[in-house]
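The block underneath contains the structure these notes are about, expressed in structure tokens.
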Amino acid sequence: MKRICCCLMLLALSLQTANAQTGYPMVMSLKPVAVQVGQAAEVEFNSRYSMFGAYQVLVSGTGVTGEVLHPEKKEGMKPELTKMKVKFAVDAAAMPGVRDVKIATPQGVSTVGQLVIARDPVITEAAKNDELAQAQEIALPATVCGLIEKAEDVDFYKFKVEAGTELHFHVRCSRLQDRIHDLQNHADPLMTIRNSNGSTIASSDNYFFGDPFLSHKFVQAGDYFLELRDVRYEGNQYWEYAVEISPRPFITNVYPLGIPIGQDASLTLIGTQLPEQKTVPFKLGADTPAGPTWARLPLGSDQSNPVAVFATTLPVSQEADGDNTTFDKAQAVTLPAGINGRINAENDVDCFKFEAKKGDKFNFEVRARRYQAAMDPYLRILNDKGVQLAENDDLRDGKRGSQDSRVDNWAAPADGTYVIEIRDMHLRGGDSSVYFIEATKSEPHFRLYADTDKTLLGPGGNGVLFVKIERKAGFTGEVQLHVDGLPPTIAATCGRILPDKAEDGCIIFKAAPDAPISIHNVTIRGTSSVKEGDNPPVELSAVAAVYQETYQPGGGRGHWPVEMHTLSIGAPTDIRVVKLSEYDITLKPGETKKIEVELERAPDFSANVTLDVMFQHLAVFANTLPPGVKFDEGKSSKLITGKNVKGHIILTADANAAPTEKQLVPVTANVSLNFVMKTNFAADPLWITVVKP
């Protein structure tokens, strides 16, 4: 019965969606998915919903630009354009790696696609290479781009090597699909190297998360084969891959991982095909922001592939030689500090001791797996008798989890000596099991997360962005939101996240009536002032991390971090205006207010529209209502069907609702694009004040 109800709900939603007039493009794949450094090349974008009228390409980072190549147009015809070519130009100095890309169209800016910037020539898969006898011949070094396009698809490539040649094979496939919004089923690639007889000589499944990597030294000269397929023999028209094949060194990690900003460092290289000199000098520039970054290291006259490092302003300690495997042999460190170490072998445990006074509070965060380290850290805090006081395996930032570890806001129970203990969760170890522990004083602070990477506007129309807070170390303050980088054609009304347990705030953007079609990347910030005792106030700030929604298997709404929040001014939208009967209301505890809502629809737009004052779909993702104020959905007329334009919302204050002055709340008219995604049209800002009885 439950399954039948679910199917009926999906059918109803699909019928509703079918009436929608416009939807922003959802990028599904790029073909080929790689472009070589220093070259220009054409790439085909595949999307759901039309890219017709595309006029600009956004690429994260620097050194890469894209130009839309328009297809031939016929008079009076508006094609459903789901395939379109873009010409990318890559500077010779551009950083290799993966870039976020978006397409700007009159329907709005697209979801994120992924583009690989490769060091070697790009070779595209031939039409027939499904059998060993049909293997496509390739010259190395190269970046081979192909597609696991159907069930039981197996791709073969033939290459020739001299005796003693050592090559690495780096696959990007599964990781490229994490940010693709509407791709529910992801590839799990399996890579095999075969000799001229077809016998397996090397293989790899999961190395960099779901993607394979291997390095092999070919003892005998001759012909060899690269085979790539899904481990389950599944396939999909969007499962693009890029395999980087090269005899150059490939650096997987460096030790130490944490590098002081502006100071000379000596890094030990970890990886394959390494030079004889495995230690290189390196220095992060004084203007490097603290946090994760990608670095290229000097290797003779060349530079390495990009390597993940962590830039820090903390005083840094490094694990000393010798035995520090138990709490009684722990290496002494002074906190706050950054601690570099490595789990050198199976069953290795590293211990570091520090002195603390009763009530001293610290945060301990391990950075390892997020930076390609081959370990799953497990962190414990012990007293001087070896008794566990705190522990953590996997941490969570916002809406994403990680195998790294964190202990937040730990307080010393008494004056004394304490121990930080770290090991691999599965007692593995080796050269690539590097880590960096940030051990810092715990002070009140907050982190912010923007729920979506795009806000879509029409001329004179409004859009809303929700921002969520994570409160840390006892921070309970109010946070005021800000926008940096606004163009003159867009105004922003920035709300606040209320104090105590409130989690959400919002920003309402409004495009000028004469605003031209355009896109603009902006930065979202939050600020707060914290005062303790007689001390001067401390000003806190945080930049919001940006998430793109993803369509999870089964219909859930997931999130992946991306690099850009984009404001998009497009053509006149399906809902031109959302009008309210009033925009500034006052509620007493126990009081109810009815707000009339009237839509101005596009002339040919008749899809169902749902009214809301929160961000919800199968779950509540954001709620900026003052505490104690509820949206009474049962008594509201929130579904506006067909050509109808009127509805209303009912807001009720609980009997114990706390006084709140002028809280910004959005009233939205939502049109479903699929089971997860909605286009949100907002009214001008609604301000709600709650007063004492």
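Using Cα positions and a limit of under 26 Å, work out the lysines in reach of residue 329, with same-chain residues fewer than 8 apart set aside.
In chain and number order, the partners are 353, 357, 358, 361, 385, 441.
Hey, what do the phi angles of the range 376-393 turn into as Karplus ³J(HN,Hα) couplings, whole Hz, using 6.51/-1.76/1.60 and θ = phi - 60°, x for Gly and Pro?
10, x, 10, 10, 9, 10, 10, 8, 6, 9, x, 7, 5, 10, 7, 7, 7, 9
What share of all Cα pairs of the range 155-233, in percent, falls into each consecutive 10 Å distance bin?
With 10 Å bins starting at 0, P(r) equals 18, 47, 25, 9, 1.
Can you list which of the chymotrypsin sites (Phe, Trp or Tyr not before Pro) found in the range 30-65 are DSSP loop residues with at most 15 other C-beta atoms within 10 Å? Show your work: numbers first, answer last.
Numbers: sites: 45, 49, 52, 55; in loops: 49, 52, 55.
Here the chymotrypsin sites (Phe, Trp or Tyr not before Pro) that fit, given the DSSP loop and packing criteria, are 55.
For the range 406-420, just list the computed ³J(HN,Hα) in residue order, Karplus coefficients 6.51, -1.76 and 1.60, θ = phi - 60°, integers in Hz, with x standing in for Gly and Pro.
Here the 3J(HN,Hα) series is 8, 10, 9, 6, 6, 10, 5, x, 6, 4, x, 9, 10, 10, 8 Hz.
Evaluate the charge dipole of the chain about its Cα centre and quote only its size in Debye, nearest 20, assuming +1 on the Cβ of each Lys and Arg and -1 on the Cβ of each Asp and Glu.
Approximately 1660 debye in magnitude.
Within 10 Å of each candidate Cβ there may be at most 15 other Cβ atoms; applying that plus a DSSP loop requirement, which trypsin sites (Lys or Arg not before Pro) in the range 376-413 survive? If you can, show how the numbers build up before the last one.
Details: sites: 380, 385, 396, 399, 400, 406; in loops: 385, 399.
Taking the range 376-413 and a limit of 15 other Cβ atoms within 10 Å, the loop trypsin sites (Lys or Arg not before Pro) found are 385.
By a straight-distance test (C-alpha under 24 Å), which lysines pair with residue 638 as possible cross-link partners, with residues fewer than eight away in the same chain excluded?
510, 579, 588, 593, 594, 630, 646, 662, 678
Would you kindly work out the equivalent ellipsoid of the range 19-118 from its C-alpha gyration tensor and give its semi-axes, the square roots of five times the eigenvalues, largest first in whole Å? Don't skip to the end; give the middle numbers.
On the way: eigenvalues 128, 37, 21 Å².
Taking √(5λ) for each Cα gyration eigenvalue gives 25, 14, 10 Å.
Taking the convex hull of the Cα atoms, report for the chain its projected area averaged over all directions, in nm². The partial results should precede the final answer.
Details: hull surface 141.3 nm².
Projected over every direction and averaged, the Cα hull of the chain covers 35.3 nm².
In the range 456-505, what trypsin sites (Lys or Arg not before Pro) fall in a loop by DSSP, with at most 12 other Cβ atoms inside 10 Å? Walk me through the numbers on the way to the answer.
Working: sites: 468, 471, 472, 496, 501; in loops: 501.
The qualifying sites are 501.
Taken together, the values in this text are just the output of simple stated rules run on the coordinates, not laboratory data. Note that the coordinates shown come from a computational prediction; the quantities given were computed from them, not determined experimentally. Every residue, glycine as well, gets a Cβ built from its backbone with ideal geometry; the counts of neighbours run over all protein chains shown.
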